[in-house]
Each structure stands twice: as C-alpha cells, then as structure tokens.
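In what follows, a structure is listed as structure tokens, so that the remarks can point back to it.
The values are calculated or read from the model by the stated rules, or taken from the named source; none is laboratory data. What you are looking at is a predicted structure, and each value in this text was computed from that prediction instead of being measured. Here Cβ is always computed from backbone atoms with ideal geometry, including for glycine, and neighbour counts include all displayed protein chains.
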Amino acid sequence: MTYNETIEYLYNTAPMFQKIGSNAYKEGMENSFLIDAHLNHPHTKYKTIHVGGTNGKGSTSHLLASILQEAGYKVGLYTSPHLLDFRERIKINGEMIAKEFVVDFIAQYQDFFESIQPSFFELTTGMAFAYFAEQKVDVAIIEVGLGGRLDYTNVITPVLSIITNISFDHTNLLGNTLTAIAKEKAGIIKQGAPVVIGEAEDEVEAFFKDFKDFKVLKIFAKEQNPITTSKLLPSGYWEFDTPEYPRLIGELGGFAQEKNAATVLCALEILKKDFSIPPKAVYKGFRCVIENTGLLGRWQIIQQNPKIVLDTGHNAGGIAYIVRQLQSESYEKLHIIFGMVNEKDISSVLQLLPKEAIYYFTQANIPRALNARLLAEQAAQFGLKGEIYHSVGESFWAAKQNTTKKDFIFVGGSTFVVADALAVIKKNE
C-alpha cells in the first residue's frame, strides 16, 4: 500500500474515536497488553512522562517536549487528536513520523491487528511506541487518550505522571462527578513515580490528597506554584516571573496557559533529577514551543484587522477560559463561528457563551459533529442568535465578509471545527 492507502486503511478498518465517538471506545486493556507484548514492549527502551487530565494535556505535553528538546534530548511526543495530518500525533523533536514507517508498520503487523481488531487509538499508540524505540529517543512524552486507568498509554511506567486538571468531559464514559472522573485519571499514577497535580478544585484536591493506592510524591501546582507575577503582553505572549526564571516569556497566549505554565514548572523541578535542564532551555522552550513542536489551535491568532483567533477548547472548563479572554479583547463586533460534537454536555457550554455576539452555527466534517440546526435551536434557549451554516468553510467566509477591520472573529467549540478552519485557511494561502 502507498502512504495514502495505508491511512485510508487505518481510518476505515480501526474504529476511530475522532470520527465516531464512544462507539470506537473499547473498555479494558486486553488489546493494549496483546499489542505491547507482540511489539516486544517498546516503551521500556526509553524514559517516559505520562500526561493526563481533562484540559491542558496537549499544551503541557508540547511545552515539556520543547524544553527537553532545547536541553539537548531526543524527545518523542505522542498526542491526539490530529488537526490536519495523521502524523501530527507522533513526533520526534518536532518532526512528524516518517511516512515510510507508517506504511511498513501496518504492512508488517496487518495480519496480527486484524486478528485482534484493535481500536484506531490502540493501533496508533503501538505505532508511536515502536517508532520511538526504533529512533532511539531519550524520552517520550505520552498524552493520555481518554481517561487514564483503561487507556492504552497506561502500559508505560513513567518517571513522572502529570494530571493537568479535572473537569467535566466524556461523562458517559468516565463518570458524572468530578471525583469519579478524578479516579479514572488517577489510574496513571504508578508506584514510585512522582505525580504533579495541576489545577484542582477542592473536592478533586481532597481526592488526590487522600489517594493512597501508591506511596508517591504528590506535588500540587496550586500550592507550590513558583509563578510570583504574570501578565499578558501586547504581543499576546505571557510574561511570568519566578524566583528561578525572571521574565519568562511564554509563546502560548491563552488564559489557560497561566495554569499550564505553573504545572510545567513544578514538573521541571522533579524532572531535573533525571535530566539536565539548564535555564536557557526553559526560556527557549517556553518562547519557541510552536516552532519546536508545531502545536496548533491554542488561542492561535490567524490575522489582525479583523483579528481572527482559533482555539480547540471544547468543554465547560476550556470554554470558561476562552470567554474570559474574549471579554478582555477590544472590538466593535464579536463574531463567533461555533460547532460542537455529539456526546458533550452542550448546555453547560452554551450557557457560558457571550450573548452580545453574532453567531455562525456550523458543523465539522465528521460523523460525530452535532447538526448545526440542532445546535442553533439549543443555543437560542440561551439567548444566542445567528445563522446556520452546514460547513466550517461556509461559516468562515461568511464571517469574513460580514466583518470590519475593528471586529473580532473567534472560531471554536470543537477541535474538529478548528481543524476544518485551518484546512480552509491552508487551502487559501
């Protein structure tokens, strides 16, 4: 098979959560252990850092990868979902996995995979672990796919686990209380591996403080936050001050990045026991994370006049930060291109959105997308008004035609809406 044929085979053969949602979710880790054994446990050949949580996993993973790369290490990075290219999921020092490896991996193990019928995520996680082993990375940063306890990535024994935060998402699979969700996320905590807990509400903090399954060092970023002052610069970057890193410039400009930065800085103090991380690596890693890793869709500013921003925040926890940031912006009119996927708590998101905005209700080009008309009908119950568009491309061009240079366009509500918008923008460049 060619590369394109291989990707089509992957999409059409293995159930893909990105496209069909919970029907692609396989509870239990039987396949995970079978694949891991068949590949001869590739993740044991390098150090790993495990990153779980509801929001902030991607930003935290990319920041750590950028810093360790600047420190001179060969760094594997496994994240999901992808936005434009399947190979975004598997990178080494910012370079996407080689197409040849994808083709050869599927060709070599196709019969085995067809015999056990893994999910798309199980298959691609095995691919990532094998690629990192073949390429002899020093360390791999592994983002949890969903939950933690039963996630394929949980076969690893990391030098550090990170749980960024706990919020409501995938409640049909993980539980409908914060404590229940925290219990699933806590499944990545391993005996002897310290854990950093990022943002944590009172009940979640209490859960982790009482967590006694393993005797591990628990660092709460909320309590041990090294950031003394922070401010958002006119450039859109953050400036953080810490005793060790005064005037630390963070390239990721979303409001949520203040919490992510605190989590990363706490993690670095633990990682310094296993890695040599000079201050210059921290400074450059924060300042050049997009260049180093190719991260997309985190308060991503596409243009000015009118200002266009994309963000992948897609649940109440993420949208709350976005709404706060929109309120801090200056504009004459706010235009919001918005779409969601099924299986989300849509009402909890819609009730947070600003009423004083012009909405472009849309849907991404995936089966999981919530019908734009249904979204508009539900939004109307919260006083949100706008037109209906059946593709992100239609809504994007409509918004551009309706704006003046002093307006603001925000695109979000779903990772896949952002992905479609980026595809439209790339095609038009």
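For region 179-205, the candidate set comprises residues that are at pLDDT 85 or above, over 21 Å from Ile141 (Cβ atoms) and hydrophobic (A, V, I, L, M, F, W, C); within that set, the residue that is surrounded by the fewest Cβ atoms within 10 Å (Cβ to Cβ) is Ile181. For region 215-248, residues that are assigned to a loop (DSSP other than H, G, I, E, B), among the hydrophobic types (A, V, I, L, M, F, W, C) and closer than 28 Å to Ala193 by Cα total 3. Look through region 373-429, keep the residues that are assigned to a helix (DSSP H, G or I) and of a type in the set (Lys, Arg), and return whichever of them is nearest to Ile337 (Cα to Cα). The qualifying residue nearest to Ile337 (Cα to Cα) is Lys400.
So for region 218-229 (the condition being among the small types (Gly, Ala, Ser) and at pLDDT 95 or above), does at least one residue qualify? No, there is no match, as no residue in region 218-229 is among the small types (Gly, Ala, Ser) and at pLDDT 95 or above.
Tell me which residues, restricted to region 397-429, are surrounded by 23 or more Cβ atoms within 10 Å (Cβ to Cβ), within 14 Å of His335 (Cβ to Cβ) and either free of Cβ contacts under 8 Å to residues at least 24 places away in the same chain or out of contact with any Gly (no Cβ under 7 Å at 6 or more places or on another chain) (or both). Hits for region 397-429 are Ala399, Ile409, Phe410, Val411, Ala421. If the condition is being of a type in the set (A, V, I, L, M, F, W, C) and under 19 Å from Lys355 (Cβ atoms), then region 373-384 contributes Leu375, Ala376, Ala379, Ala380, Phe382, Leu384. Quick one: in region 308-344, which of the residues that are part of a strand (DSSP E or B) and β-branched (Val, Ile, Thr) is farthest from Ile166 (Cα to Cα)? The residue in question is Ile308. Can you name the residue in region 145-167 that is in contact with an Asp or Glu (Cβ under 6 Å, 6 or more places away or on another chain) and over 22 Å from Ile35 (Cβ atoms) and is also modelled with the highest pLDDT among such residues? Among those residues, the one meeting the criterion is Val159.
Residues are listed down the side, and each one gets a yes or a no for (1) under 15 Å from the mean Cα position of the chain (by Cα); (2) within 16 Å of Gly413 (Cα to Cα); (3) of a type outside the set (Asp, Glu):
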residue	(1), (2), (3)
Cys266	no, no, yes
Lys280	no, no, yes
Phe286	no, no, yes
Ile290	yes, no, yes
Thr293	yes, no, yes
Gln300	yes, yes, yes
Gly313	yes, yes, yes
Gly317	yes, yes, yes
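Of the helices (runs of 4 or more DSSP H) that lie entirely inside region 1-74, not one contains 1 or more residues that are outside the structural domain of Pro194 (by TED's automatic domain parsing), at positive phi and modelled with pLDDT of 95 or more. What are the residues in region 320-366 that are acidic (Asp, Glu) and more than 22 Å from the chain's Cα centre (by Cα), if any? Selection gives Glu329, Glu332, Glu356.
Give the residues of region 295-306 that are closer than 23 Å to Lys91 by Cα and surrounded by fewer than 16 Cβ atoms within 10 Å (Cβ to Cβ), sorted by residue number. Hits for region 295-306: nothing passes. For region 51-58, the count of residues that are aliphatic (A, V, I, L, M) and over 30 Å from Ala316 (Cβ atoms) is zero.
Examine region 109-122 for a residue that is crowded, with 19+ Cβ neighbours inside 10 Å, closer than 20 Å to Glu8 by Cβ, without any contact (Cβ under 8 Å) to a residue 60 or more places away in the chain and under 19 Å from the mean Cα position of the chain (by Cα), and state whether such a residue exists. Within region 109-122, not a single residue is crowded, with 19+ Cβ neighbours inside 10 Å, closer than 20 Å to Glu8 by Cβ, without any contact (Cβ under 8 Å) to a residue 60 or more places away in the chain and under 19 Å from the mean Cα position of the chain (by Cα).
Scanning region 65-108 for residues being among the hydrophobic types (A, V, I, L, M, F, W, C), farther than 27 Å from Ala421 by Cα and touching a strand residue (DSSP E or B) at 6+ places or on another chain (Cβ under 7 Å) gives a total of 2.
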